Amino acid sequence: MDDLFVNVGKAIAAFEATIVSRSSAFDRFAEGLRDDNPSQMAALSTSAQRGLKLFLGKAKCVLCHSGPNFSDGEFHNIYVSRAGEDDYGRWDGVAQVRASSFNFESRHNDARPEQAFPWVRYVTRIPESKYQFKTPTLRDVAQRRSFMHNGRFSTLDEVIDFYDEIDEAKEFQDHEETTLVPIGLSHQEREDLIAFLHSLTDEEAQSELPDL
Ligand code: HEC
């Protein structure tokens, strides 16, 4: 039974690996910048270009949403959880992954020997891991119907409001994530940041998810 389960999981993972998002307006802008080609750089609207500057500068989004996938692959507590929510994110996940018969050290792992570093042994539950969630990619983010692990927000406007006024979100947790401070965005800056997030949508994507 275990083998069947693992093979289905690996088949799904292999399918997911074929879904690649790389033809967004932002990608064309980045290529234009690399090749010193201004007409290609124009693929990114001036508003989205200002949004990109904010993303890298004043709004500091790049501290966590970095690299080609706009994720540092790390876990952070950004105060999305509210009082009474019992999903502790990484805190629970660490215990589950260590106990799981499908984890990295199990016989189902088919990584090559040189890749088989026993990461799972070094993952420990520290107090800071409570309410931490993994930084999601921002590619195709404008196509999602809800945002954050608990679907707390249904528009990008709400997400930006949340980051803009982050102090109010901190009220019920003791842990301080010092990188997150209120940004103080003007109306125009808000629009620009949202225009930038829209520019990360792959315009040539072939596969559409079925509407369930
Ligand atoms: C301290 C790290 C950090 C910083 C700085 C940060 N983010 Fe995030 N971001 C995260 C994490 C972690 C999540 C997932 C939280 C969750 O699911 O509860 C997230 C989620 C999001 C989401 C929702 C994505 C989805 O699929 O649900 C958006 C949109 C987003 N961030 C945009 C931004 C923008 C714009 C900025 C800058 C204003 C920013 N982030 C700054 C760590 C960060």
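The table below gives the values:
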read-out	value
Range of Cα positions in the chain per principal axis (Å), largest first	54, 42, 38
Most fluctuating residue given options F153, F102, F75, as computed from a GNM of the chain linking Cα atoms under 10 Å	F102
Hydrodynamic radius by Kirkwood, which averages 1/r over all alpha carbon pairs of the stretch 1-73, in angstrom	14.9 Å
Residues of the chain: accessible area per residue with a 1.4 Å probe, Å²	65 Å²
Residue of E128, E114, E158 that the Gaussian network model of the chain assigns the largest fluctuation, springs spanning Cα pairs under 10 Å	E114
Cα gyration tensor of the stretch 13-137 - equivalent ellipsoid semi-axes, whole Å, descending	36, 22, 12
Quarter of Cα convex hull surface for the stretch 90-129, i.e. mean projection, nm²	2.9 nm²
The chain - percent of accessible surface contributed by carbon and sulfur, probe 1.4 Å	54 percent
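The values are calculated or read from the model by the stated rules, or taken from the named source; none is laboratory data. This is a predicted model, so every value here is computed, not measured. These area figures cover heavy atoms from the full protein model, side chains too; ligands, DNA and RNA do not enter into them. Shrake-Rupley method; radii C 1.70, N 1.55, O 1.52, S 1.80 Å.
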